[in-house]
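So the structure is just underneath, and the comments pick up after that.
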Amino acid sequence: MHIAIPLYPRFTALDAVGPYTVMAFAPGFTVTFVAASPGPVPDDRGGSGLTATASYADLPHPDVIIVPGGPGTVEALSDRELVGWIGRAHERTRWTASVCSGSFLLGAAGLLAGRRATSHWGWLDRLAAFGAEPVSERVVVDGRIVTAAGVSAGIDMALTLLARLSDAETARAVQLAIEYDPDPPFDSGSAGGAPADLRERALGLIA
């Protein structure tokens, strides 16, 4: 099972690394970071990044693609090479997935029309511009497209996807292996229960 995660400038690292870690721990799975050309790709914080080990041309037909989001999504929407690869790869994938604003890249590739989909709460409503039905859920499965809400939701999405690609017990074993048992110190991880000033401050951190 070969999974490709495309990288583009100013992606959010956890959007890519969270699903990568889940899938890389699963027996029989290979995960490859791809980009227009192999090499380092800077993340949205500027202090680190990831290295693509293959180009889009090197991996035209992966079994699964997982598209990360991040502030760089705005510029990436006009990246014809990236959006074109997503669209072409989707024709033969078993599953096509996204994390956070990566769903906008699925939309740009024409994959969300008439589908339920999610994204980061700050931009969720804008998915309607791609013909999607915005859904405020952490993970949304519609056909063979799976979308996740903001950043950390990519881990939930990857475990959901792994259970469908393999089985629930494998996904449960991976969850335990990475000790994914969230117990946050604050009850402020959902925009639904956060006051307006906190939502504004949070958006200011990721703009």
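Per-structure values
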| read-out | value |
| --- | --- |
| Leu112 touching a strand residue (DSSP E or B) at 6+ places or on another chain (Cβ under 9 Å), in a loop (DSSP other than H, G, I, E, B), modelled with pLDDT of 95 or more and of a type in the set (A, V, I, L, M) | yes |
| Exclusive hit being charged (D, E, K, R) and free of Cβ contacts under 8 Å to residues at least 24 places away in the same chain, set Asp142, Asp156 | Asp156 |
| Residue in region 115-137 that is in contact (Cβ under 8 Å) with a residue 40 or more places away in the chain, in contact with a Cys (Cβ under 9 Å, 6 or more places away or on another chain), within 23 Å of Val17 (Cβ to Cβ) and surrounded by 17 or more Cβ atoms within 10 Å (Cβ to Cβ) present | yes |
| Lone unmet requirement of (1) closer than 16 Å to Val64 by Cβ; (2) in a helix (DSSP H, G or I) for Arg126 | (1) |
| Region 170-187, residues that are closer than 11 Å to Ile155 by Cα and polar (S, T, N, Q) | Gln175 |
| Residue in region 91-109 that is without any contact (Cβ under 8 Å) to a residue 12 or more places away in the chain and open to solvent by 10 Å² or more (accessible area, probe 1.4 Å) present | yes |
| First in region 8-19 and surrounded by fewer than 24 Cβ atoms within 10 Å (Cβ to Cβ), second anywhere and among the basic types (Lys, Arg), Cβ under 8 Å, 6 or more apart | Ala13/Arg45 |
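For (1) among the aliphatic types (A, V, I, L, M); (2) in a helix (DSSP H, G or I); (3) under 17 Å from Ser136 (Cα atoms); (4) touching a strand residue (DSSP E or B) at 6+ places or on another chain (Cβ under 8 Å), each residue gets a yes or a no:
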{"position": "Glu75", "(1), (2), (3), (4)": "no, yes, no, no"}
{"position": "Gly87", "(1), (2), (3), (4)": "no, yes, no, no"}
{"position": "Gly107", "(1), (2), (3), (4)": "no, yes, yes, yes"}
{"position": "Trp121", "(1), (2), (3), (4)": "no, no, yes, no"}
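The values are calculated or read from the model by the stated rules, or taken from the named source; none is laboratory data. Computed from a predicted model, the values in this text were never measured in an experiment. Every residue, glycine among them, receives a Cβ derived from its backbone with ideal geometry; neighbour counts consider all protein chains shown. Surface areas here come from the heavy atoms of the whole protein model, side chains and all, with no ligands, DNA or RNA. Shrake-Rupley method; radii C 1.70, N 1.55, O 1.52, S 1.80 Å.
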